[in-house]
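*Asks:* Handing you a structure now.
Coordinate-derived values only; no laboratory data. Worth saying up front: this structure is predicted, and the values here are computed from it rather than measured. Note that each Cβ is placed from the backbone with ideal geometry, even for glycine, and that neighbours are counted across all protein chains shown.
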C-alpha cells in the first residue's frame, strides 16, 4: 500500500482541492495521512469533514508548529504503507499521478522518485506569474524544463529506506526534503507524473512566502552563502534586476514585484540569522 503524506499549515484555501484530487486517484491501494502543523485557520475542520466521508482512507494527525520536515516525519512513522508519497497542501494531483510516481518503486527498481512536471495551477494571476519569472522559470512551470534524471530529492520513496536514512531534516525551513544519504539511491525523475502547484497569488502571500524562504535558508547555510544571498537580494542589486526584468518580460508590474520580493527575502534572511526563526 501507498501512504500519501500531506502536511499543512493554514492552507484552508487549497487543502480541500488537494485532498479531493488524491482521494480520486485510481489504480493503487493507498491511504492519506494529513498532519496539522499547528494551523490557526479552518484547515483542520476541512480535514475532519473529508476524513469522515472517506470511510477510513484519510487519517488526521496533529503536532505543534515545527515545520514541514517534522510533519512529514511524523506521517512516515504512523504510515501503514510500504511506499510514502509526499504532496504539499497547495498542490493538486493529476489523474493517474499516484500510479505513475510510484511505478518504478513498485517494480523493485528504485528507492524513490521525483516529479519533473510540476505545473502552476494559477498561471492567470499576475503575482503568481511574476513569482515564477523571479525564479527564472517559465510562467506555467514550478520547475525548470531541464531537470536532471537523478537527484537527492523524493516525491515518493520506500518507507523502510526513508526511515533508515533518518527522514527529512527538521532543522531546516527550506530544503528540508533533500536527502543526501549513502543508504539511498538518488531519486529517479518520472516524466508524466503531473502535479499542479499554486504560486503565491497576492501581495500578502508573496511577502510571507518570500520571507519564509529567506528565514529557512539563513538558519543553516554557511556564512559565505548567507552573504551571497544578502548581496543577491540587497536593494542596489534588486533595482538593477527589477529594471532588467521589466525590459526582458515587458512588464512594469514585474519591476515592482521584484523589488517587493527581494525586500521580503532580505528581511527573512536577517530574521533567520539573528533569531533562528524558521516559522512559516
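*Asks:* Report, largest value first, the span of the C-alpha coordinates of region 179-273 along each principal axis, in whole Å.
*Replies:* Taking max minus min along each principal axis of the Cα atoms, region 179-273 gives 46, 37, 24 Å.
*Asks:* Taking 0.36 nm per intervening residue step and subtracting the Cα-Cα distance, what contour gain separates residue 42 from residue 203 on full extension? Walk me through the intermediate numbers first.
*Replies:* On the way: separation 161, 0.36 × 161 = 57.96 nm, distance 2.13 nm.
Contour length minus Cα-Cα distance gives 55.8 nm.
*Asks:* Which whole-number percentage describes the relative contact order of the chain, with Cα contacts under 8 Å and a sequence gap of 6 or more? Before the final figure, lay out each step's value.
*Replies:* On the way: 580 pairs, mean separation 53.0, N = 280.
So the answer I get is 19 percent.
*Asks:* Additional query: Tally the DSSP beta bridges in the chain and give the antiparallel ones as a percent, rounded to 5. Don't skip to the end; give the middle numbers.
*Replies:* Details: 12 of 35 bridges.
In the chain, DSSP labels about 35 percent of beta bridges as antiparallel.
*Asks:* Now a separate question. Please state the Cα pair-distance histogram of region 2-197 with 10 angstrom bins from zero: what percent is in each bin?
*Replies:* Going from the shortest bin to the longest, the percentages are 9, 36, 40, 14, 0.
*Asks:* In nm, to one decimal, how far is the modelled label at residue 146 from the one at residue 163, with both set 7 Å along Cα→Cβ?
*Replies:* 4.1 nm
*Asks:* Right, here's the next one. When only Cα pairs under 8 Å and 6 or more residues apart are kept, what is the percent relative contact order across region 1-70? All intermediate terms of the calculation are to be shown ahead of the outcome.
*Replies:* Values: 106 pairs, mean separation 26.6, N = 70.
The normalised contact order for region 1-70 reaches 38 percent.
*Asks:* Going by C-beta contacts inside 10 Å, put 197, 168 in order with the fewest on the left. Mind showing how you got there, number by number?
*Replies:* Details: 197 19, 168 23.
If I rank by nearby Cβ atoms, fewest first, I get 197, 168.
*Asks:* Relative contact order of region 203-275: what whole-number percent is it, with Cα pairs under 8 angstrom and at least 6 residues apart?
*Replies:* Working: 83 pairs, mean separation 39.0, N = 73.
That works out to 53 percent.
*Asks:* Over the chain, with a Gaussian network built from C-alpha contacts below 10 Å, which listed residue (135, 111, 14) shows the highest mean-square fluctuation?
*Replies:* Looking only at 135, 111, 14, the biggest GNM fluctuation is shown by 135.
*Asks:* For region 145-184, what is the per residue volume of the convex hull drawn over the alpha-carbon atoms, in cubic angstrom? Please report the intermediate quantities before stating the final value.
*Replies:* On the way: hull volume 3.4 nm³, N = 40.
Output value, Cα hull per residue: 86 Å³.
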